[in-house]
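Some notes on the structure that comes next.
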Amino acid sequence: MKRVLSGVQPTGDVHLGNYLGAFRGWVQEQSNCEALYCIVDLHALTVDYDPKELAERTLDMATYLIACGLDPQRCSIFVQSQVPQHTYLAWILECNASMGELSRMTQFKDKGKGNDSVKVGLFTYPVLMAADILIYNADLVPVGDDQRQHLELARNIAMRFNSKYGATFTVPQAQVPPLGARVMDLQDPTKKMSKSSSSPQGIILLSDDPATIDKKIKRAVTDNDSLVNYDPEHKPGISNLLELFSSASGQSIEQIQQNYTSYGPLKSDTAQAVIEMIAPIQERYNELVKDRKSVLDCLASGAEHATSIAGATIDQVASAIGLIRPDYI
Ligand code: ATP
Ligand code: LTN
């Protein structure tokens, strides 16, 4: 059985991009594979944050993951900082990664390059992400399109390590969904929908009520030729809505294009489809927040299982690179 690993930062508000680009695929994979899903709180330390909020946000993210359909009986949900082997391996991998390849990471270039006060952790972030993946010898990593470059780095580090120290890591593969891999901002459809978006109107949160979702989709930026055509390059706004509608309803983009001749009805029905897709998630979330202790317990058993795999990998890696172990003689 293949092993799947993915991660999400506990940065609070979960949006439609996270759900369609990542979590929905995670839910599917828990039935086909041995699945581990990690809330990467150590990654969240790379930018300014409020310590009073981090733990709350971490528990909230776990609650959302379960509400989205992850079943703690079928997969392991855990918190990165509760499995210290991730940072142990990250150090070893940093000693096998170059400044040049990390300097080419577009996320670092966008968020930090040229700024002297940017944290070292933001620069080395992709290596910690590689450790998150390689420590479980994951075969598949379901992520949104924005993570492809980080995955490529993890693969390169794994191959380099294997050729230097002998076969140790599985070389992982990114799994990007065919639809919804890049949900765009409703106010600026040339940018991905993101928590850090400049306008809250551009992002749909899983916590938004139906009236808010309806309003945001009806106000989505489109163009003025009124043609319902899928053309991401020339018509990014309308193409984004077509993808959203298709992802939420299961209808193909061709089918939707044939059924609509103007933007108004397309926007109303897209909003309706998104509202219906999110409603059961909100219902489960509202139930789960009443019993946060059970969510915390799921995280503890997830961490226990993850630690047993991670510990075995560290033993193997340590011996391969010449660190002395208690059973050396
Ligand atoms: P943001 O840019 O919103 O801060 P992020 O990329 O830091 O988000 P995480 O919360 O760490 O997001 O990401 C969790 C998952 O959601 C990742 O697999 C990421 O690829 C996916 N994802 C994030 N935004 C989008 C989007 N707009 N479209 C599709 N997938 C996305
Ligand atoms: N970098 C990712 C989050 C992340 C991740 C991972 C994803 C950290 N470790 C391991 C997949 C596998 C992001 O910002 N979305």
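General remarks:
- Rounded to the nearest 20 debye, dipole of the chain from Cβ charges on Lys, Arg, Asp, Glu: 500
- Taking amide hydrogens as placed 1.01 Å from N in the peptide plane, the amide H of residue 173 sits under 5 Å from those of 140, 141, each at least 5 positions away in sequence or on another chain.
- Between the listed residues 247, 237, 277, the Cα displaced farthest toward the positive end of the dipole of region 210-282, a dipole computed from Cβ unit charges relative to the Cα centre, is found at 277.
- Note on residue 191: lysines with a C-alpha under 26 Å away, same-chain residues under 8 apart excluded, are 109, 111, 113, 119, 215, 216, 218, 235, 267.
- Per residue accessible area of the chain, 1.4 Å probe, in Å²: 47
- In the chain, the portion of solvent-accessible area held by carbon and sulfur atoms comes to 51 percent [1.4 Å probe, whole percent, DNA, RNA and ligands not counted].
- Span-rule helices in the chain, defined as complete DSSP H runs reaching 20 Å or more along the axis (Cα) with Kyte mean at least 1.0: 120-134
- Under the combined filter of DSSP loop state and at most 16 neighbouring Cβ atoms within 10 Å, region 204-237 retains these trypsin sites (Lys or Arg not before Pro): 219.
- In sequence order, region 101-114 has phi-based couplings of 5, 5, 5, 8, 5, 5, 4, 5, 4, 5, 8, x, 4, x Hz under the Karplus curve 6.51 cos²θ - 1.76 cosθ + 1.60, θ = phi - 60°, and Gly or Pro positions carry x.
- From its DSSP helices (H runs of at least four residues, each -39,500 (n - 2.57)), the chain gives a residue-normalised ellipticity at 222 nm of -16000 deg cm²/dmol.
- Note: region 117-212, Cα convex hull, 146 Å³ per residue.
- Mean-position separation - Cα centroids, region 162-229 and region 10-69, in angstrom: 15
- Judged by the gyration tensor of its Cα atoms, with axes a ≥ b ≥ c, region 225-329 is oblate; a/c meets the 1.5 cut and b/c is at least as large as a/b.
- Principal axis dimensions, region 1-120 - Cα atoms, whole angstrom, descending: 44, 34, 27
- Taken over the C-alpha atoms, the chain has Rg and Dmax values of 20.9, 76 angstrom.
- FRET efficiency, residue 259 to residue 2 (Cβ-Cβ, R0 35 Å, nearest 0.05): 0.40
- Taking a point 7 Å out from the Cα of residue 196 in the direction of its Cβ, the residues of region 18-43 whose backbone N falls within less than 18 Å of it are 18, 40-43.
- Farthest towards the positive end of the charge dipole of the chain, among the residues 213, 266, 16, is the Cα of 16, using unit charges on the Cβ of Lys, Arg, Asp and Glu.
- Percent of Cα pairs exceeding the 13 Å cut-off, where the set is region 69-131: 68
The values are calculated or read from the model by the stated rules, or taken from the named source; none is laboratory data. Because the structure is predicted, anything quoted here is derived from the model rather than measured. Ideal geometry is used to build each Cβ from the backbone, glycine not excepted, and the neighbour counts take in all protein chains shown. These area figures cover heavy atoms from the full protein model, side chains too; ligands, DNA and RNA do not enter into them. Shrake-Rupley method; radii C 1.70, N 1.55, O 1.52, S 1.80 Å.
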